[in-house]
Every structure is written in C-alpha cells, then in structure tokens.
Amino acid sequence: MPRTRHKNLGQWPGCPVEGVLDLIDGKWKGVILYHLLNGTLRFNEIRKKLPTVTQRMLTNQLRELEADGFVVRTVFAQVPPRVDYSLSELGRSLDPVIGALKAWGDAHLDKMGYCAPVAAAKAPAAKAPAAKPATAKSRVAA
C-alpha cells in the first residue's frame, strides 16, 4: 500500500526539491529507476540486480513508483504470468538527474570510503605476505 505523502509542499521555500525527494525517496527507488533506464525489466530481473532487497520491499517500491507515474507495469495474460516494468515518459525525464547522481557518486563516494571503485571490486585481492612466526629472540627483544 503506497504511503501517505505531504499534499501541500508549497508553503516551504525548498518545496520543489522537497517534493521531488519525497517522490523518489526510499532506499531502492533511485536504484530501480537507474536500472529501468536501460530498458524494460521483469520483476525477477530487477530482483537479481538488487540482491539485498526483499520481495515485499521491491513490490512496495514498484507500486509507489507506478502510483506516482514513473513506472509503467504491463501484465501479460499468459501462463505463467508475465509482468514487465518500464519507465514512463515522466520516469525517463529523470535520466539527467539519475545520471548526475551516478557521476557524482563515481567521482566522490570511493574517496569518502562508502564504495570501492567498480574495477577494484572486480579485481582479485592481492594476498598479504604471511606473518613470520615469532621466535624466542624476537619476543625477548620486544
């Protein structure tokens, strides 16, 4: 069930920013929109791209995005049932915003310690040299 939002954001000076953030807030909405920029995806394809999201959370986030007009849900009458998710024109209009967020993240998050660069994450970790066992002399000297 979609959550209740502020109906009148016009009374605050930051209302356009607050309004947009209210629409696309949530841990997963931005990431869902980012993946749908590449084209139509089925529910399980989205789930595979977000391995730590629960099925319930993903369903709720997709329902909210659909209710707000960002995502189009297409149900095909076939067995087994098939449901596709794609961006609406309104959702596609967020492309420059999401692109700017990605570019900023690529440039800054690894420096801030939040993410490892993608290349480093895929590269095999270098093995640290094995520690030398302590000898009686080295224990006495310490």
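Among (1) closer than 13 Å to Val31 by Cβ; (2) among the hydrophobic types (A, V, I, L, M, F, W, C); (3) in a helix (DSSP H, G or I); (4) out of contact with any strand residue (DSSP E or B) (no Cβ under 7 Å at 6 or more places or on another chain), where does Leu65 come up short?
Only one criterion is unmet by Leu65, namely (4).
Can you tell me which residue among Ile46, Ile24, Ile32 is in contact with a Gly (Cβ under 7 Å, 6 or more places away or on another chain), closer than 22 Å to Lys102 by Cβ and of a type in the set (A, V, I, L, M)?
Ile24
Kindly provide the set of residues from the range 68-106 that are of a type in the set (Asp, Glu) and assigned to a loop (DSSP other than H, G, I, E, B), ordered by number.
Asp68
From the list Leu23, Leu33, Leu9, exactly one residue is surrounded by 15 or more Cβ atoms within 10 Å (Cβ to Cβ), at pLDDT 95 or above and not hydroxyl-bearing (Ser, Thr, Tyr). Which is it?
Criteria check complete, one pass: Leu33.
The values are calculated or read from the model by the stated rules, or taken from the named source; none is laboratory data. As the structure is a computational prediction, the values presented were derived from the model and not from experiment. Positions of Cβ are backbone-derived with ideal geometry, glycine not excepted, and every protein chain shown enters the neighbour counts.
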